[in-house]
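Below is one structure; the comments refer to it alone.
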Amino acid sequence: MSEKIQIISFIFSYMYGILFGLLTIKHFKIIEKYHVIFKYIITLVFILDIMLGYMLGMYKINQGIFHIYFIIVCFLGFWCSYYLHKYVKKIKNNFIKKINQKRI
């Protein structure tokens, strides 16, 4: 595998990890009102779809060659999106508080 394909695979894995993190946050907000059994079923289907999408993307990029470091980079993107989401949410809440204080 050439260096160009590996760099593209790293970028794809990182971006897919970020997408996975954001979709996971949204997913858990959506399913919180359902019964426990439906939560497990819906989450299982969600995870299978995410895995299938990642495998198809990697297959298109580098003919389906998986290395552990691609998966590690994907989880790094997931982790970064989770903490970035928390940080942005905190900033947004502080901004809304400041606006509401100015109105009073």
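Where a number appears in this text, it was derived from the coordinates with a stated rule and is not lab data. Quantities reported herein were computed from a predicted structural model and do not represent experimental measurements. Note: ideal-geometry Cβ built from the backbone for every residue, glycine included; neighbour counts use all protein chains shown.
Listed highest first by mean packing, meaning other Cβ atoms within 10 Å per residue, what order do 58-66, 73-81 come in?
Ranked by mean Cβ neighbours within 10 Å, highest first: 73-81, 58-66.
Could you point to the residue in 63, 20, 10 farthest towards the positive end of the chain's charge dipole, with +1 and -1 charges on the Cβ of Lys/Arg and Asp/Glu respectively?
Result: 20, furthest along the dipole toward the positive end.
Grab the DSSP H runs of the chain that are 4 residues or longer, score each as -39,500 (n - 2.57), total them, divide by all residues and round the 222 nm result to the nearest 500 deg cm²/dmol.
Helix contribution divided over all residues of the chain: -32000 deg cm²/dmol.
Averaged across orientations, what area in nm² does the convex hull of the alpha carbons in segment 26-94 project?
6.2
List the lysines whose alpha-carbon lies under 25 Å from that of residue 98, not counting same-chain residues fewer than 8 positions away?
86, 89, 90
Could you work out how far the C-alpha centroid of segment 1-60 sits from that of segment 66-104, in angstrom?
17
Tell me, what is the FRET efficiency for residue 48 and residue 89 to the nearest 0.05, using R0 = 25 angstrom and their Cβ-Cβ distance as r?
0.35
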